[in-house]
Structure formats: structure tokens, C-alpha cells
1. Does the stretch 342-350 contain any residue that is more than 34 Å from the chain's Cα centre (by Cα), at pLDDT below 95 and surrounded by 15 or more Cβ atoms within 10 Å (Cβ to Cβ)?
2. Restricting the first residue to the stretch 296-313 and requiring it to be in the same structural domain as K377 (by TED's automatic domain parsing), which pairs with a second residue that is among the small types (G, A, S) meet a Cβ separation below 6 Å and a spacing of at least six or different chains?
3. Show the residue pairs that are 6+ apart or on different chains and have beta-carbon atoms under 9 Å apart, the first residue being within the stretch 361-383 and without any contact (Cβ under 8 Å) to a residue 12 or more places away in the chain, the second being part of a loop (DSSP other than H, G, I, E, B) and crowded, with 16+ Cβ neighbours inside 10 Å.
4. Would you mention how many residues in the stretch 456-510 are farther than 27 Å from D246 by Cβ, of a type in the set (V, I, T) and surrounded by fewer than 24 Cβ atoms within 10 Å (Cβ to Cβ)?
5. Which of the residues that make up the stretch 152-168 are charged (D, E, K, R) and under 16 Å from N478 (Cβ atoms)?
6. Can you tell me how many residues within the stretch 429-462 are among the β-branched types (V, I, T) and either closer than 24 Å to E401 by Cα or outside any helix (DSSP H, G or I) (or both)?
7. Would you tally the residues in the stretch 551-562 being surrounded by 22 or more Cβ atoms within 10 Å (Cβ to Cβ) and closer than 21 Å to L276 by Cβ?
8. When the residues of the stretch 280-332 are narrowed to those that are of a type outside the set (A, V, I, L, M, F, W, C) and on the phi > 0 side of the Ramachandran plot, which ends up farthest from the chain's Cα centre (by Cα)?
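The values are calculated or read from the model by the stated rules, or taken from the named source; none is laboratory data. Here the structure is a predicted model, which means the values were calculated and not measured. Neighbour counts are summed over all protein chains in view; Cβ atoms, including those assigned to glycine, are modelled from backbone coordinates with ideal geometry.
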Amino acid sequence: MESGTRGRAVSGGSAAVRDREGLGSWIWNTQSTMKDKELKSSFFGAERRSRLLPLFLIVSSLCAVSFYLGGAFCSEKKTIDETHQSLAASDKAGCSAVIKQAPFESCNITMQDYTPCTDPVRWRKFDKQRMAFRERHCPPRAERLQCLIPPPEGYKQTMLWPKSRSECWYKNVPYDWINNEKANQNWLKKKGDKFIFPGGGTMFPNGVGEYIDHMEELIPGMKDGSVRTALDTGCGVASWGGDLLDRKILAMSLAPRDNHEAQVQFALERGIPAMLGIIATQRMPYPANAFDMAHCSRCLIPWTEFGGVYLLEVDRVLRPGGFWVLSGPPVNYEVHWKGWESTEEKQKGDLDRIKDLLDKMCYKLYAMKDDLAVWQKPLDNTCYEQREEGTYPPVCDDAIEADAAWYVPMRPCIVPQHPDAKRISVDTVPKWPERLTHAPERLRFTAGGNTGGFNQDTRIWKERVKHYKTLVPELGTNKIRNVMDMNTLYGSFAAALIDDPVWVMNVVSSYATNSLGVVFDRGLTGTVSDWCEAFSTYPRTYDMLHVAGLFNAESHRCEMKDVMLEMDRILRPNGIVIVRDTPQFLDSANVLGKAMKWKCTRHDTENGADDSDGILVCKKSFWTISEDSVES
């Protein structure tokens, strides 16, 4: 399989032709060997009975029957690669399925901020305990929308980076609750037709810059490249993550859809990495040992309840030697307890319980000064092995893989380090930016991973991105800020863009080999997800989507129409899509794209016309319901 492209094995000749409703159904499944042989026998039998029948009529009949059955192709193969070669040859011979798709209608304007898997309308159906109702609960396929999510009335093209970090258009994120409730804390302020972000927060009313300066005094590794990846739980409008970008630290801001109204949407509108999520009953969608630092500023998560399961989940995704930073209740309770509408005794008890739990988890108190407390995770398993028998929380058994993170229940136990991992801690991973191109030790524990493949993947994507920039002149400028690689392997596409004013959400399929840990080891960020479902974000949050081999890899599970409707939901007006795949997939994407008001063009890859893959570049139109028009 080509480096950088995902694929899943399909048993030879076993994929059945799908005759689905709508012309956006997948068209690339090959017929079963038995049915293919029956068809061949039928036609060749006819040939023997009538030698006078011209050969071109036989071929024409075969293609006509194939079209009637919903998209059969001309040959059978026993492997994915052989099948793709056959399909490419069939296309050149003129024997490929043709699909049509009527234009998709726009959804009702009330759906302008629809998040399918975190829909407040459906919350009442789910368990309220531990906030489980705010986790992902995706609608069944029969209830999925088959329409285009409209922008809000008055929507404007997003501000360009870096101006967007400081201000955004009010009509793009028209929420007043968070402004009214947090105005005294300088989260944001409405000024004319804009929201202004002063950089304040509940625990840093004097500005996030001063707050992080103080944090760097306590954690010197934030200044020398040792700390690169960070997680912000309960992120507000992501001012912490936004300021860290200037300090070469890449933070993922995580927050649920709740009464704070669109925290994550504000973050992404500003051009700051963020996604919808909550620490409740399921693991966060990240591998073990991913982040160098985790941060909670008045996030009000009950860290020691339910056996300390919330803090144990943060521990799972925190790299050995990584830092957990806590500000707000109950830190410095002696000064703040009255303002927290609490009692001094309660806050002291909460802090004592956190300290006790972290001590049993073998963390050490790294620093505590003023409103900040910093603990450090142990470097290896030595301390766990030296604890007294029966100490709580226990060390997890190996029943669930440490990296498993898609709809996996959290467990109240400590996930130990891989016994053979010697260079995965904060002090042994190369410092930023050297770690970007260094082959991580974790490759040894990743299926199919090796140093040679990693280096080759890095080289290939440098050449591919160079070619992409000739097709999409905006790429590499501040016209494109939020980028998603929808089907990454090692994050090499993102690595090739590291000097450009972009950040990349690297997505690894939950059904593929979990190589996301390698992405984090490089100092990049991302998530596990499943493209048969909606992504955990708001509409209109990405400037560009990169899709390399995704339709090929997921053809046996997902409907192409559903995937592309989801791409349209999360793509901004005038946003760019780059699809890299075989001709059949590009044909389907082109037809569906036009039905979604996209403007698409076909191109050769950097290898020229002889490459079995091609490229489709699409641009989403800027349309509105009120004007019933499409803007160029």
C-alpha cells in the first residue's frame, strides 16, 4: 500500500455490490467471485451459441448489465491493490459506473449550529449521571440529515490569522450568554459588529500572558522545547491555548457543548485548536502518553469522585514525566474561598483529597505558588511496583489496550507504561523542533511501523504538499488557518506544513491501526474518530480538508454521501477540499461535490498522468438561505 494512505483488508472477491438508495452510494465494491463467474459463463456461453455476434456487442452487454446491477467492474481480484489496478483499467476502457445526484437542499436555518453527535435536542434520552448525556450519542442513519447546514444570517468570511486570535465577527458566532456572564472576567467583549478577545479568564483577569509567564517560572521545560503538546480541559474561549502558540506549544482545547454556548466554536473561529469533548464516562479520543502537559483552570471537574476516574483518565493521556497544572478551586483556597461561595473547610478538604490521590498515583508536587499547583507524573513503573499491596487506585490489567480511545469506558485504575518503552517520557523525547522529524520509539509498538517507513512517509508528503501548493495557491498563506487531515498515518502531511500559518487536526480512523501516538510524539496534535459518524466539532470550523485514501479505506463501512455531507458541514464557506484517490472515487466525489454547490477540478498527482491516483480540488461556495444565492 502506498505510504501515507490508509487501507483496510477486504477478503478477496467477497465484497458485494451495494444497491443503495440515492445516487451518492458507494460505487466501487466489486462483485463476488461466484456472481462474476456466473456472468462470464453466461456471456461466453452465448458467444459459443452465436459465433456471428460481434465482440463489441458482448462488451457492451456486459457493461449494460453491470450498470443495471449498480456498478459492477470488469475483473475480479484477490487483494485491494489488485482491485484498484483493475478498476483504473476499467475506467480507461470506458467500463465504469456513472452516477447522478440531485442538488441537496439546505437545512432549516435553525440547524445552523447543528452538532449531530452532541445534539442538545437528544440529551433527554440519555443518562444524566456523570454528565454522560453530553458525550457522543450519534443519531442512527435513518435520522441523519440529508441537507446542507446553512450559515447564520449575516455570516461573513472569517477573519484572517493572526487577527482572528483577537477578534471575530459577532454574526459568525452570535451568542450573548457567554459575553454577558463572563464580561467581568475578560473572556470576550462585544464591540460593534465584532467580539473582542482581551485574553482574560476566570483565573487570569490580568491577562493570559501574565498567567503563563508565571507558569513558565514554575515549569522551565515550557521554555526550552521539552513541553510541546498540551491539553486544556474546560477551555473557555481557548485564550490559554491561543497564547501558547507564540511559545511554540500546541494545545488541544477540549470543552463540551453546554450552557457556556459554543466555547469550542469561539476557539476555532479564532484559529485555535479545539474540539468538542468531555471527561465523563468514556475515555478521551487520544492515545496513552500523548500530552506533555495537561491544564485545568477552574474547570470544576470533581477530580476525586467516582474513585478518581477523571484524574486517572488525564493520567492515561499524560506522557511520563508530564505535568498536570491546576488553578482555581481548591488551589490557594485560603485567599479565594469566600469568592467561590464555599467554606474554607470544604476547600481544604478537596485539596487534601487531590493531594492524597496524586500521592498514591506516584505523582510528586512539582511546584505550588499563588494560584498555581503543578504535579509531575512518574517517569516509569518503578513506584507502582513498590506500593503496598492493596493500594488504591490499582494498576490496570491488560484487558483493554492503553491506546484504545473510541467509545471505551474509563476505568478507575492506573494505566502502566509499556515495559519496553524507554524513550517516551518528557525528558527522553527529543525537544521541539527536533522531535518533528525524529523517528519515535513508539513505532516499534505500532503495527507496520518502522524507522524506514516513517522517514519515507515524511519525504513523500513533502513532495506532495509542494505539488498541492501549485494547485491551491492559498495554501501556505494566512487565507487558510484551520486544516484537517482526515486520514493520516504519521502526521507527515501536517509536518510538511509546519512553517506555514496553519495548524492541522490529524485524524486516525478508529478502525485502522492506531498510529496517533506517533503523531503526538512528533509534537503534533490530533484525534481518533470514525467517519461513518459526525466529527466532534461545530459547523464551519475548518478552512481546508485533506482526504487521502479515505474513501478507499472506508468503502466497506461508510456511505460516501454521508461522509461528504459531514465534510460540507464542518467546512467554511469558500473552504478548500483536496481529495487524493483512485479515479472512481474522484468521479463520485466530483458528482456529490457539485450537488453540494462545490466547484471541483481534476488534476494529476506530482507523479504525472501515469499515477493510478489522481487529485480532485474543490471549493465550497458561499451561499445563504436569506439571499438564496451563491457568492463566488
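1. yes
2. From residues that are in the same structural domain as K377 (by TED's automatic domain parsing), the pairs are S297/S327; S297/G328; R298/G328; C299/G234.
3. From residues that are without any contact (Cβ under 8 Å) to a residue 12 or more places away in the chain, the pairs are T382/C362.
4. Going through the stretch 456-510 one residue at a time, the tally reaches 2.
5. Initially, the stretch 152-168 is screened for residues charged (D, E, K, R), giving 153, 156, 163, 165, 167.
Those that are charged (D, E, K, R) and under 16 Å from N478 (Cβ atoms): K163, R165, E167.
6. Step one: list which residues in the stretch 429-462 are among the β-branched types (V, I, T), which gives 429, 437, 446, 451, 458, 460.
Next, only the ones that are either closer than 24 Å to E401 by Cα or outside any helix (DSSP H, G or I) (or both) stay: 429, 437, 446, 451.
Result for the stretch 429-462: 4.
7. Filtering the stretch 551-562 for residues surrounded by 22 or more Cβ atoms within 10 Å (Cβ to Cβ) gives 551-555, 560-561.
In the following step, the residues that additionally are closer than 21 Å to L276 by Cβ were identified as none.
Total meeting the criteria: 0.
8. Residues of the stretch 280-332 of a type outside the set (A, V, I, L, M, F, W, C): 281-283, 285-287, 289, 292, 295, 297-298, 302, 304-305, 307-308, 310, 313, 315-316, 319-322, 327-330, 332.
When the remaining residues are screened for being on the phi > 0 side of the Ramachandran plot, the result is 289, 298, 307-308, 321, 328, 332.
Numbers: N289: 18, R298: 26, G307: 29, G308: 27, G321: 26, G328: 29, N332: 36 Å.
Only one residue fits best here, namely N332.
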